[in-house]
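Below: the structure, in structure tokens.
The values are calculated or read from the model by the stated rules, or taken from the named source; none is laboratory data. Treat the numbers as computed from the prediction; the structure is a model and nothing was measured. Methodologically, a virtual Cβ is constructed for each residue, glycine included, from the backbone with ideal geometry; neighbour enumeration extends over all protein chains shown. Calculation scope for accessible area: heavy atoms of the full protein, side chains included, ligands and nucleic acids excluded. Shrake-Rupley method; radii C 1.70, N 1.55, O 1.52, S 1.80 Å.
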Amino acid sequence: MADRWVPSPAGLVAVAGVGGLAALLGTVLWAREHARTGFGADARRRDPGVATSPEPRDGSRRATRAGAVTAAVAAGVFVAGVGGQDRRAGVLAQLASRSATISAELVVTDDPRPSARSAAGSVGGTRTILVPARIVRLATGRAVGAVSGARLSGPGATPAVPAPAAGGGSGAGQAGSRRPGGRSSPASGAAAADVTARLDVPVLVLALVGGDDRWSGLLPSTRVMATGRLGPPQPGDQIGAVLLVHGPPRQVRGPAWYQRLAGRLRADLRITASGLPQPARGLFPGLVDGDVSGLDPALRDDFRAAGLTHLTAVSGGNVMITIGAVLAALRRTRTGVRSRALWAAGTIVGFVVVARPSASVLRAAAMGLLGVVATGTGRGSSVLPALAGSVAVLLLARPDLALSAGFALSVLATAGIVIVAPGWRDRLARRLPGRLGRLAEGVAVAAAAQLACTPVIAWIGGGVSLVAIPANVAAEVAVAPVTVLGLVALAAGPVSGRLAGWVAWLAGWPCRWLVLVAQTAAHLPGATMGWPGGPAGALAAVAALPAGYGLLRRRWGRRACVALLAGLLTARSLASHKPATPIAEIFPAVQASDARRQ
């Protein structure tokens, strides 16, 4: 299932209606309660003995908050859905529906990566490279040959959409009716003319490469020319089309200077990590700068089954650890508060460029920047308002994030940690004896984040991991060391490769621990429980969470849950014919024997 969902036009109308009604109802309830309590407060100040209206009831407050939340969710879905509808129409969508051959000018927006099948091993010497890009100009038909060796020119669009022809060639005959903005409607019963258009639409390039692979080395912001065949995207994808390309790209303009610098740092870190044994070699760059090009697909599956997917790439936690390390180092100097804030802001911006602006990184970076501004101006900062402000700013800048599963998971995990985890931590610390109380923080944070994300995980069809909470608690001790050591290796790579290698060797040990935790947890019987996907699965998870919480609050409920879980695990282990992976096979000491077995 796609990690995004785009509602239909009818669904958008329904969402707009629900959001408008919720906003109206919430405003009316808030105004009524505010009027009653406001008048009562004024009367009490004038004469304390005067009888006043009672305080607002809890039911009214809950209804007002529910209306505000519903209106906010509806507004986000509506704004993002409208943006998704724009990519379903226009000249590019019409060309994609006809599988037209075009010559396109593209701007690379993210690092190219091999497809899952190519990562497992190329077939016949051919690999598929996935290149996220934005198409800025295109030409079809006779214009393809005209621009094959040069950059497309002309700001406008000839508005006819070509009829499909064998080999994607030009269509001859009468042109269709013209419309502004590059959109067109072909004349009935006649072939359409050629098209040249200026656009700004995200696409996914599928480049089939052999020995001459010039696609994998492209950096974001690079502008290239390519000729290929268009195809429609999958339902839910936030792209305008898929472009299948067989030949190498023709570079029009190189990457920006900061992207070249970031590419150099990422390449140096890959070279530094090459001295580590697998699978830590592929995991280490992913933990530091999000480069998962060398990550073992089997290890990726283990992390997913163990509920540790957020560790296989850079997440918001890495941003917070980076900011904390920089501020801790600056506190030991005589740097002032405002100077520290500027250093922290520069670190956040640089980290986003190097690690690439994924949804969780953007969320954490926006929160960090708001906190830095509050600190630099001498004002207090609070996590929950910073989370709300960062979400609002990011959705205004990029409305498509409202329908991104990654962004939703990041926001929900942070909200669960901020709102729920403190209370659970205090209760658990009172119940745990002695030194075990130190585990309360990690258990509460992992449980709050996991439970808050469960509905979205169920929506995207990821199942429910029964080992996610203990696996995250066990992995927590290694995340901060490998992140800090990785940043040191990243900075030392251009200066001294030997120093970077020593730091990477140290960081390899916490990476091994993460591999051990992921593989052990993933191979436990009953590690993942199947769960229906889609909206029905998400609603079922939303209903199951409060029911399960209410059951666990009672002693007999906890005993029943423990007995049921033990019975399910026993039955699963007896029914499973595949034995769990021995722990000894995971340690580096037996890698030689593993290689011989393979």
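Couple of notes before you dig in:
- Cα gyration tensor category, rounded, prolate or oblate, for segment 280-331 with a/c compared to 1.5: prolate
- With a Förster radius of 35 Å applied to the C-beta separation of Leu21 and Asp110, the computed FRET efficiency comes to 0.35.
- What the Cβ-Cβ distance of Ala63 and Asp301 gives, at R0 = 45 Å and to the nearest 0.05, is a FRET efficiency of 0.50.
- The H on the amide N of Val252, modeled in the peptide plane, is under 5 Å from the matching H of Arg223, Val224, Met225, each at least 5 residues off or on a different chain.
- Probe 1.4 Å - accessible area at Trp459, Å² to nearest ten: 80
- Charge dipole of segment 388-497 about the Cα centre (unit charges at C-beta), most positive-ward option of Ser465, Ser496, Ala408: Ser465
- Placing a label point 7 Å from the Cα of Ser221 along the Cα-to-Cβ direction, the residues of segment 241-258 whose backbone N falls under 20 Å of that point are 250-258.
- Between amide H atoms placed 1.01 Å from N, distances below 5 Å from Gly290 occur with Val314, all of them 5 or more places distant or on a separate chain.
- Relative contact order (%) - criterion: Cα under 8 Å, at least six apart; region: segment 420-510: 20
- Segment 388-498 shape via C-alpha gyration tensor axes, a/c threshold 1.5: oblate
- Fully extended contour minus Cα-Cα distance, from Arg398 to Tyr258, at 0.36 nm per residue: 48.2 nm
- Under the shape rule built on the C-alpha gyration tensor, where the axes satisfy a ≥ b ≥ c, segment 282-379 is prolate, since a/c reaches at least 1.5 and a/b is greater than b/c.
- Residues Arg117, Arg356 ordered from highest to lowest accessible area at a 1.4 Å probe: Arg117, Arg356.
- Accessible area (Å², 1.4 Å probe, nearest 10) - Arg134: 80
- Taking every alpha-carbon pair under 8 Å whose residues sit at least 6 apart, segment 350-418 reaches a relative contact order of 38 percent.
- The modelled label-to-label distance for the pair Thr333/Ser382, using points 7 Å beyond Cα in the direction of Cβ, is 3.3 nm.
- Taking label positions 7 Å along the Cα-Cβ direction at both Ser293 and Asp212, the computed distance is 2.0 nm, reported to one decimal.
- FRET efficiency, 1/(1 + (r/R0)^6) with R0 51 Å, evaluated for Ala563 and Val28 via beta carbons: 0.55
- Within the accessible area of segment 457-532 (1.4 Å probe), percent carbon and sulfur: 76
- Farthest toward positive dipole pole in segment 275-363 [+1 Lys/Arg, -1 Asp/Glu at C-beta], among Pro285, Ala305, Asn318: Asn318
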